[in-house]
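Data first, discussion second: the structure below is written as structure tokens.
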Amino acid sequence: MKRLLWAPCFAIALTGCGESAPPKPKMPSTDKVVGAVKDVANKAADAAKTVADEAKKKFESARETFTKEVNANMPAAEKKIAELKTKAAAATGDAKAKLEAQAKSCDEKLKTLRDKLSGLAAGTPETWDALKKAVSDAWDDLKKAME
């Protein structure tokens, strides 16, 4: 009789009192995970390309604007140098020598400016600051020489 009482208790213990085990979560297939990762990677690459393209456009615009500004001032500088040469031709003695030296110095500085300016065309965003400074410095040197 004792065995008969133990049998139902044992059966209840094994079945968990009517409760079933929680269902196992469904895991996505490997193909779905790989596809999702590729989608994220493609979106990140597209975003990086967009940012790089915008930076390149901004650089090219800044370079073009700066080049136009410098080129717009070239005729005035050339005119000033021509005036120095005209004054030197009309002058005599020490004044003539001084004006000729100044005109020669201005010609050299104008050539340097043109060389630096042509280097901007081959410049990259990484070299932009240094190239812009070199052109600006050359322009400043020319303006001082023309004074």
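Observations on the model:
- Tail fraction, Cα-Cα pairs, the chain, threshold 28 Å, whole percent: 59
- Bins of 5 Å from zero: percent of alpha-carbon pairs in the range 61-146: 3, 15, 23, 20, 14, 10, 7, 5, 3, 1, 0
- Lys79/Ala130 FRET efficiency (R0 30 Å; Cβ-Cβ; nearest 0.05): 0.50
- Taking the helices alone, the chain has a mean residue ellipticity at 222 nm of -30500 deg cm²/dmol, built from -39,500 (n - 2.57) per DSSP H run of at least 4 residues and averaged over all its residues.
- The Cα center of the range 124-147 and the Cα center of the range 38-84 differ in position by 16 Å.
- Neighbour counting of Cβ atoms within 10 Å sorts the residues Asp46, Asp141, fewest neighbours leading, into Asp46, Asp141.
No lab work stands behind these numbers, since they all come straight from the coordinates. Just so we're clear, the structure is a prediction, and the values are computed from it rather than from any experiment. All Cβ positions, even for glycine, are placed from backbone atoms using ideal geometry, and neighbour counts span all protein chains on display.
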